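Participant: Right, I'll just put the structure down here and ask away after.
What follows draws every value from the coordinates through simple rules; no lab data is involved. These numbers were taken from a predicted model, which means no experiment stands behind them. Ideal geometry is used to build each Cβ from the backbone, glycine not excepted, and the neighbour counts take in all protein chains shown.
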Amino acid sequence: MTGWVPTTCMRCAVGCGHLQRGADLGNGVDSVRGDASHPTNRGLACQRGVSETADPAATFLSRPLVRRDGELVPTTWDVALGKVTEAMRVAHERDPDAVGVLGSGQQTNEAAYALGKAARGALGTRHYDANTTLCMASAVNAYYDAFGSDAPPCSYEDVPKAESHVVWGANPAVAHPVLFRWVTDSARDGELVVVDPVETESAEAADVHVQPEPGADLTLARAVLAHVVETGRVDEAFVEAHTEGFDDACADLPDAEAACEAAGVERADVEALASALDARTLLYWGMGVNQSTRGTATAGALIDLCLATGNLGEGTGPFSLTGQANSMGTRVCSSKGGWPGMCDYDDLDARARVAEAWGVDVARLPDDTGPGPVGMFEAVGDDIEVLWTVATNPAAGMPDAADAAERLDDVFLVAQDAFHTETVEHADVVLPAATWGESEGTTTNMERTVSRVRAVTDLPAGVRTDLDIIAAVANGVRPGTFERHPEPAAVFDEMTALTAGTPADCSGLSYDRLDDAGAVRWPAPDAETSVAYRYRDGDGWAFETQSGDARFSTGAPDDDLPEPTSESYPLTLTTGRESDGYNTGVRSRGGETAVPTVRANPADAADGDRVTVETRRGSVAAVVAADPAVPSGVLWLSIHHPATNRLTLPAVDPRSAEPNYKQCAARLVPRTDGADVPETSATRSTGEASD
Ligand code: SF4
């Protein structure tokens, strides 16, 4: 066995330091544990992070594959890459946008940066996005609106300093166990308030649980602001000195009483939230807020609550909870929604700087960021002729996934992954990639801390690192884009140099510094600096907005749900995370996929009932788990089951392009067909809707 090698857990965005040991024989990670010397977690780790790193329940890909006569068959790297670059060159010659690229928050910073350089620079396509848009884009937009820049202003250092913790539309007890431990430790002397339609594990641990109707978060947030104003809780000195737009935000505030009724809560719930905000409060939110057609507006309304009550500064602030391990790194460096350093995509200076660094004509860079993943999939098989997926599984992860999967058969699909996923089933070429423990790089956690990812084992034969594969593909399309086998450290230096002087300045970071310090938070504009609380200017504030003040949201209309319940579909389907899963459950569910369990209130279905869950997009056979934690009228399915997204709604937030995963209309239909029906019986809807 090898010695213990320090690395960072890539299972969720808490970013715990791990120690890992390589296997005695062959390749592989033998054992994993928390790293007591890592500044983020000081030895803590959760079961998911340890077991899914050491022993993922998944089928590894070990050789390149190509499709011949309808079958995926093994081939050489030369043949596989030759087919990929030939298909991309032909499509690119017709139109750069004919090649689509979909990345992931599972990649290292180096691979994410390289993929952006390949997509925006070598290919010059606007059809480039990442699955991080599916979970964080609404928060990103809200941060830009409020502070002129992305990412939480606060950090983990503020958790023990907070007096109250408000967790809104998130279940960190399951999604972020180590962080939730810090939150509950801190709340022992304070208060924990959880806002969620479902009585989640986090809600069970809370002092107060507020249960709005699914989809009513914006209504509730505006009700709380109305109540804060009505009860004289506004921090007028802070609002006056450091913000703009407060009067406009308040101009169309709802009547608090009516808004409570619309959100399905009592006035006492709103008072409890306002009262929590009286103290030094961290306001966390997650996918329950972001994954909505109102995601940006709701995240903005939550930031408004912090601004109105002066909850900015030590122990306070808005704190979006990122899911995927390196979603933040994707935001900083992947050139997806902005240029490296979180520079505006339309910023001409940034475009010129990037084009020069990449050695391409600035005109080669696409003019806009593209339509988002859902919009991209509408173009798959139409404008998009070649699609390259990297460490992501859209056949299971996109909303209305059966439609997405069908479209994958209409393009030349290149699937780059460590594991055999549902998407791989549709591929024309499969590029087997290394996973954690097998490659070098860095990752950036949800509170901006960059930490090293290290290999503990040699690369398995037949497998290449993400960075190496991306460089080979990009060089095949545009020779000279990368070194032949780029070193991760050199790519990191190229990436951080591009962030110099930007809002997300990482230019003071290097592998040597990370090795010495264990991990360093950005902004890090020089070799010594690391900023914990952003936007501080002495005792005052200097936000990245034009005026230097923080901005209240513009109060987007609280319009109708995209798919309300109806006579034909009287129930609301929502989705959530289980403790052992991320990324469509690829690492946790193994080869066999059991019939999904649908949680429903005992008033709506009996335990063990065999049902189909139907929405306007399809139907899925399921078994009921009667559970009073789920409100009557609501159905709950795990986001990790590959059948779930056959049911979800592809409507997106108009600002963030994030899908409305958390709410759609559904019905339960009893099954009387004897044996359990396998997942593959999930069907497409006939499309008829009787209402
Ligand atoms: S909390 Fe997240 S980062 Fe930490 S060990 Fe668990 S899965 Fe890994």
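Participant: How would you rank 395-403, 33-41, highest first, on the average number of other Cβ atoms within 10 Å across their residues?
Facilitator: Values: 395-403: 25.1, 33-41: 18.8.
My ranking of the peptides, most packed first, is 395-403, 33-41.
Participant: Excluding residues fewer than 8 places away in the same chain, name every one of the aspartates and glutamates whose C-alpha is closer than 15 Å to that of Lys161.
Facilitator: Qualifying aspartates and glutamates at Cα under 15 Å: Asp185, Asp189, Glu191, Asp278, Glu314.
Participant: Treating each Cα of segment 473-529 as an identical point scatterer and ignoring solvent, apply the Debye formula and state log10 I(q)/I(0) at q = 0.25 Å⁻¹.
Facilitator: -0.93
Participant: Taking loop as defined by DSSP and a crowding limit of 14 other beta carbons within 10 Å, which trypsin sites (Lys or Arg not before Pro) in segment 137-219 fit?
Facilitator: Those that pass, being in a loop and sparsely packed, are Lys161, Arg188.
Participant: Could you calculate the FRET efficiency of Val79 with Asp607 from 1/(1 + (r/R0)^6), where r is the beta carbon distance between them and R0 is 56 Å, rounded to 0.05?
Facilitator: Numbers: r = 53 Å, r/R0 = 0.94.
In this case the efficiency is close to 0.60.
Participant: A further question follows. May I ask you to order 192-199, 24-31 by the average number of other C-beta atoms within 10 Å around their residues, highest value first?
Facilitator: On the way: 192-199: 24.2, 24-31: 14.8.
Top to bottom by mean Cβ count within 10 Å: 192-199, 24-31.
Participant: 5 Å is the cut-off here: which amide hydrogens, built 1.01 Å from N in the peptide plane, fall below it relative to Glu658, excluding neighbours closer than 5 in sequence?
Facilitator: Hits under the 5 Å cutoff: Asp653.
Participant: Please get the size of the charge dipole for the chain, origin at its Cα centre, with Cβ charges of +1 on Lys and Arg and -1 on Asp and Glu, quoted in debye to the nearest 20. Before the final figure, lay out each step's value.
Facilitator: Values: 52 positive and 107 negative charges, 407 e Å.
That gives the chain a dipole magnitude of about 1960 debye.
Participant: Give me a comma-separated list of calculated 3J(HN,Hα) values for segment 609-622, in order, Karplus coefficients 6.51, -1.76, 1.60 applied at θ = phi - 60°, integers in Hz, x for any Gly or Pro.
Facilitator: 3, 9, 9, 10, 9, 10, 10, 5, 9, x, 9, 9, 5, 8
Participant: What ³J(HN,Hα) values, in whole Hz, does the Karplus curve 6.51 cos²θ - 1.76 cosθ + 1.60 give for segment 368-378 when θ = phi - 60°, with x put for Gly and Pro?
Facilitator: So the Karplus estimates, Gly and Pro as x, are 9, 7, x, x, x, x, 5, x, 4, 5, 5 Hz.
Participant: Next up: Using the Karplus curve 6.51 cos²θ - 1.76 cosθ + 1.60 with θ = phi - 60°, what ³J(HN,Hα) values do you get for each residue of segment 421-433, in whole Hz, with x for Gly and Pro?
Facilitator: In residue order, the calculated couplings are 10, 4, 5, 4, 4, 9, 6, 8, 9, 10, 10, x, 10 Hz.
Participant: I'd like the distance separating the alpha-carbon centroids of segment 403-447 and segment 101-133, in whole Å.
Facilitator: Their Cα centres are 12 Å away from one another.
Participant: Find the relative contact order for segment 318-367 and round it to a whole percent, using C-alpha pairs within less than 8 Å whose residues are 6+ positions apart.
Facilitator: Once divided by the residue count of segment 318-367, the mean separation gives 17 percent.
Participant: Under the rule of -39500 (n - 2.57) per DSSP H run of 4 or more residues, summed and divided by the residues of the chain, what mean residue ellipticity at 222 nm is obtained, to the nearest 500 deg cm²/dmol? Numbers along the way, then the final one.
Facilitator: Working: 22 runs with 201 residues, N = 691.
Result for the chain: -8500 deg cm²/dmol, rounded to the nearest 500.
Participant: Also, I was wondering about something else. Can you return the lysines within cross-link range of Lys662? Criterion is Cα-Cα under 27 Å, with same-chain partners fewer than 8 residues away left out.
Facilitator: In chain and number order, the partners are Lys336.
Participant: Something else about it: State the dimensionless ratio Rg/Rh of segment 208-348 (Rg: radius of gyration of Cα atoms; Rh: Kirkwood radius).
Facilitator: Details: Rg = 16.3 Å, Rh = 16.3 Å.
Reported Rg/Rh, Kirkwood definition of Rh: 1.00.
Participant: Provide the descending list of Cα extents for segment 268-328 along its principal axes, expressed in whole angstroms.
Facilitator: Sorted from largest, the Cα extents of segment 268-328 read 32, 26, 16 Å.
Participant: Hull surface divided by four, with the convex hull built on the Cα atoms of segment 119-213: how many nm²? Mind dumping the intermediate values first?
Facilitator: Working: hull surface 33.9 nm².
It is 8.5 nm².
Participant: Non-local amide H neighbours of Thr575 (under 5 Å, H modeled in plane, Pro and chain starts lacking H): which ones?
Facilitator: Close amide H contacts, sequence-distant or interchain: Leu637.
Participant: Also, quick follow-up: Once Rh is set to the Kirkwood radius over Cα pairs, what Stokes-Einstein translational diffusion coefficient, in µm²/s, holds for the chain at a temperature of 25 °C and a viscosity of 0.890 mPa s?
Facilitator: 97 µm²/s
Participant: Ratio of alpha-carbon Rg to the 2.2 N^0.38 Å globular estimate for segment 5-54, to two decimals, please. Spell out each step's value before the answer.
Facilitator: Values: Rg = 10.4 Å, N = 50, 2.2 N^0.38 = 9.7 Å.
Its radius of gyration relative to the 2.2 N^0.38 Å reference: 1.07.
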